[in-house]
1. Could you identify the single residue in B:238, B:271, B:277 that is under 22 Å from residue A:133 (Cα atoms) and modelled with pLDDT under 90?
2. Select from the stretch B:322-341 the residues that are at pLDDT 85 or above and open to solvent by less than 10 Å² (accessible area, probe 1.4 Å) and write down the one among them that is nearest to residue B:311 (Cα to Cα).
3. Could you tell me whether the stretch B:266-277 includes any residue that is part of a strand (DSSP E or B), surrounded by 16 or more Cβ atoms within 10 Å (Cβ to Cβ) and in contact with a helix residue (DSSP H, G or I) (Cβ under 6 Å, 6 or more places away or on another chain)?
4. Please enumerate the residues belonging to the stretch B:189-203 that are open to solvent by 60 Å² or more (accessible area, probe 1.4 Å) and part of a strand (DSSP E or B).
5. Would you call residue A:158 part of a loop (DSSP other than H, G, I, E, B), more than 7 Å from chain B (Cβ to nearest Cβ) and not acidic (Asp, Glu)?
6. Of all residues in the stretch A:109-118, which are more than 7 Å from every other protein chain (Cβ to nearest Cβ) and assigned to a helix (DSSP H, G or I)?
Amino acid sequence: MTATLSKDSVSEDPVLQWVTFKLAGETYGVNVMQVQEVLRYTEIAPVPGAPPYVMGIVNLRGNVVTVIDARFRFGLQPGEISENTRIVILEAEAHVVGILVDSVAEVVYLKQSEIETAPNVGNEESARFIQGVCHKNDELLILIELDKLLTDDEWAELEAV
Amino acid sequence: MLANDKGLRDYFDELLCDLSPGSSENALEETTQETTEETTEETRPGPQSRERDDSPEPAPDVAVSVPPQPTAQRSQSKAPPKGFSLKDKRQNKQLADKQKEQLQALLSKPIVGIASALETKAIDAAADRKKLTTEALAKQINKAPIADISAKQAAPELHEQQLGISRAEAQLADQAYKAASTWCENGRPEWAQEHFEALLFEVSGLKLAVPLVALGQILPMEQGLTHIFGQSSWFMGVLASPFGNLRVVNTALFVMPERYDESFLDSAAYVISVHGVPWALAVDSVTQPIKLDPNEINWRSERSKRPWLAGTVKSAMCALIDIPTMAELLIESDAGLNNAK
């Protein structure tokens, strides 16, 4: 799925749009084209037997959407729910899933040339879905590649939830 | 004038003096007439010469002036000059007609044909250049790491070039540091064969020295680090600096994990960047550089463990870090710059 390109972005250096959110004090970004909507925190019904990174399910206008604990998935310390907590509904690999974040910030425009490769000095599986980093507005954005958020087996497992 | 056949015909007619009946006065006939009149003029003596000449005047010549006559009469009365006989004119006309045909054929040729040949050459040359460029880039690029497919589709060439450039730079730095980290037979590294300057700094109560060679800048950690999940424990985070994003090493944990104190995360105030690579060492404080004599250093003979530790500085009682070797290790460990996913 392609990101939205601005008019003046020639194919040489396209400008891409990213939805940014906060998690454990750091700012992350996801491709705007993969964000369906952002929900206020609502009660999440746990599912017995679900993988540890699955918080539960929510009812979205009659549809059941699985919610993933992003902190757990990213290997971060657990956090507390606040009035800024949001559930971001995403579409990745033809799957609709929600992720729980501390807060949603804004949509930023990033040039392709501004995105740098992220360091990868660990053996953790979680590092595989870091697409890159970008310095914007005096902070470093960590860009997430949603398609790699879960493996094919994990996506299949999620379908069964 | 040459745009149409009639204009072409008129042009050549005028140039070659066509003799078709009823045509207007031709230039050749006029030239013939002028020649005759000049001859007549020359035989008539001028008034000045008459005045000067004291000798008896010769008998005046009768000026023969031939009034202009119709062309037919003139042609009958006088023989044309050499080269302008009827036969010659017919030959000239045939030649002119032939030239007209050649010119028409040339003008009727599409100009696009000529340009397309040139364009084809230019396109081929550009394609060759692009092929060479792509091949050169392909040699630098091993395999794409984590990459956004959409970004690749949007700007595949730029994306590949960026990856190629960063990987190429890392590879070049790696090669340079490989050379610098070579130890000589005298048991000293390449950079310590003669007197060298070193920077002293403190890390969690431990004093360390690093050679100024291969050091970059000293930067404060005022803005704080951006932590990236999934990295090794000795990776502190990324620091945004005017010189680019620096990957900061937890020097205390890296150098002495057995004595590591987590308070270093709060006490670390500066980063010392390594020249040529996006890596930096986090330190508590930095002191003035000192000049060291290689003879005053206890060089390590066995470096299988902790290869980045060069030796001990006797005068300062501190450990000397082999920065080129450390840089080489950092580059090799960074899969984001080197390896494929």
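The values are calculated or read from the model by the stated rules, or taken from the named source; none is laboratory data. Quantities reported herein were computed from a predicted structural model and do not represent experimental measurements. FYI the Cβ positions are ideal-geometry reconstructions off the backbone, even for glycines, and counts take in every protein chain you see. Heavy atoms of the whole protein, side chains included, go into the accessibility calculation; ligands, DNA and RNA do not. Shrake-Rupley method; radii C 1.70, N 1.55, O 1.52, S 1.80 Å.
1. B:277
2. This residue is B:322.
3. Yes: one or more hits.
4. Residues of the stretch B:189-203 that are open to solvent by 60 Å² or more (accessible area, probe 1.4 Å), as a first pass: B:190, B:193-195, B:197, B:202.
B:197, B:202 - these are the residues of the stretch B:189-203 that are open to solvent by 60 Å² or more (accessible area, probe 1.4 Å) and part of a strand (DSSP E or B).
5. Considered against the rule, which asks whether it is part of a loop (DSSP other than H, G, I, E, B), more than 7 Å from chain B (Cβ to nearest Cβ) and not acidic (Asp, Glu), residue A:158 comes out as no.
6. Here is the first cut: in the stretch A:109-118, the residues more than 7 Å from every other protein chain (Cβ to nearest Cβ) are A:109-111, A:114-115.
Selection gives A:114 alone.
Table: residues versus (1) over 39 Å from the mean Cα position of the chain (by Cα); (2) within 14 Å of another protein chain (Cβ to nearest Cβ).
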position	(1), (2)
B:229	yes, yes
B:238	no, yes
B:241	no, yes
B:256	yes, no
B:270	yes, no
B:273	no, no
B:278	no, yes
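Results for (1) within 12 Å of another protein chain (Cβ to nearest Cβ); (2) part of a loop (DSSP other than H, G, I, E, B); (3) open to solvent by 10 Å² or more (accessible area, probe 1.4 Å), shown as yes or no for each residue.
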position: A:59; (1), (2), (3): no, no, yes
position: A:72; (1), (2), (3): yes, no, yes
position: A:90; (1), (2), (3): no, no, no
position: A:120; (1), (2), (3): yes, yes, yes
position: A:126; (1), (2), (3): yes, no, yes
position: A:143; (1), (2), (3): yes, no, no
